[in-house]
Amino acid sequence: MSQPRSSYAVGTGLFIVLGFAALAYLATQTSSVANVHQGDSYIVDTQFTNIGALKERAPVKIAGVRVGQVQSITLMPGHEVADVKLSIDKSYDKIPQDSVATIFTSGLLGDQYVGIQYGSAKQALAAGGTLARTKSTEPLEEMLGKFFGAGNVVDNVGGSYTVKADFTNVGSLSVGAPVKMAGVVIGSVQSVRADPVKLNAQVVLAIDKRYDRIPDDSAAAVFTSGLLGDQDVGIQYGSAKQAVVAGGTLARTKSTEPLEEMLGKFFGAGNVVDNVGGSYTVKADFTNVGSLSVGAPVKMAGVVIGSVQSVRADPVKLNAQVVLAIDKRYNTIPDDSAAAVFTSGLIGTQYVAIQPGGSPDMLKDGDEMILTQSAMQLEDLIGKFLVNGSPSDKKAADTGKSSDTPAGKH
């Protein structure tokens, strides 16, 4: 009985040893162990700004098929660039010279390899040549930030150009945030800094060169999105025939809104006008503005056309002077129009409503609206209701009949 048990123990021990040996072997390999490099090869050169955990002998793939391996990795003297030499099987000697080399991550242990995406050039890459178009690996922090942030990242392997944009408020916009157009990422924020002279934020946008036909009157706005409320820059196309050039400026911008203002508008008097084309201001005096505050909407026919820029008391006239900022698209408002303070919204916030007049002359920047109607106080409304009575009482009084007297009897 002892012999079989001894043989069983030896077999079990051998199986365990072989299992550990197999795991150790797999740990030193990448995911494509089946496609082993064979035959003669030629060397091509590539440079990456970040190689991550790429190692020598890591696979080189085309369309998922192994065509070679990484021969060497060295840091270029005086540069923050890694020089990577690729050994490619000679049977794959028709790789277009404008092809793109990218570092990808795969496999059980997250090993990295170089993937080559074919270009369209007719001339093939020669031995000793260089793959100039490359895309480096991304640090884990950046990938997580983009996953929890504002969408996918543009595959910018063709280079980029920069444009500038000034904002009065960028909120929590940070370097590396996406730049989007129609919801598609076309670049990223390169830098964000405060201008001590203009007292605003100067933002530099790095945009993929494939998107080099953006009209120079396009508008840039700071938006909030993503799981963690990250911010991005959205570009809305203009109509100009001339495109914004590298180093140029997007003059039309819309800054981010503080949370307090967004909540106020949500609980207030309606949606906000998308004022990216600028505004003009007009003045209006009211004997009572109630709880009207800065940022409250200005409406015409129920549509928001601007906002209240300032509210202050006049120590001479003893009234309230209100400045209204109106979108320039609404520049045909007659100068005899009336402005009234109304109450609406879930929590009874107030706004300014404009009722157009009939004058042939239009309001211009800096004009004053003469016809105004002040806010109605709750006490006044209750007083009028108590004095005038209910609508049914008023109707009965107008016909000379009591509301509880049968018709035809006095």
At R0 = 22 Å, how high is the FRET efficiency between Ser291 and Asn331 if r is their beta carbon distance? Nearest 0.05 is fine. 0.15
With 0.36 nm assigned to each residue of separation and the Cα-Cα distance removed, Asn50 to Thr281 gains 78.0 nm
Quick check for you: with a 1.4 Å probe and neighbouring chains kept, what is the accessible area per residue of the stretch 301-371, in Å²? 55
Built amide H within the under 5 Å cut-off of Gly306, gap 5+: Val273, Val298, Asp327
How far apart, in nm, are two points set 7 Å out from the Cα along the Cα-to-Cβ line at Val303 and at Val184? 3.0
Longer than 32 Å from Cα to Cα, which of Lys241/Lys283; Lys94/Lys241; Lys85/Lys122; Lys198/Lys241; Lys209/Lys299 are they? Say none if no pair is. Lys241/Lys283; Lys94/Lys241; Lys209/Lys299
How much accessible surface does Lys198 have with a 1.4 Å probe, in Å² rounded to 10? 120
Multiplying the sequence separation of Arg210 and Asn319 by 0.36 nm and subtracting their Cα-Cα distance, what value in nm do you get? 33.5 nm
Any idea which of Ala339, Val316, Gly358 is furthest toward the positive side of the dipole for the stretch 309-360, if Lys and Arg beta-carbons carry +1 and Asp and Glu beta-carbons -1? Val316
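The values are calculated or read from the model by the stated rules, or taken from the named source; none is laboratory data. Since the model is a prediction, treat every value here as computed from it, not as a measurement. Cβ sites come from the backbone with ideal geometry, for glycine too, and all protein chains shown count toward neighbours. All accessible areas refer to the heavy atoms of the entire protein, side chains included, with ligands and DNA or RNA removed. Shrake-Rupley method; radii C 1.70, N 1.55, O 1.52, S 1.80 Å.
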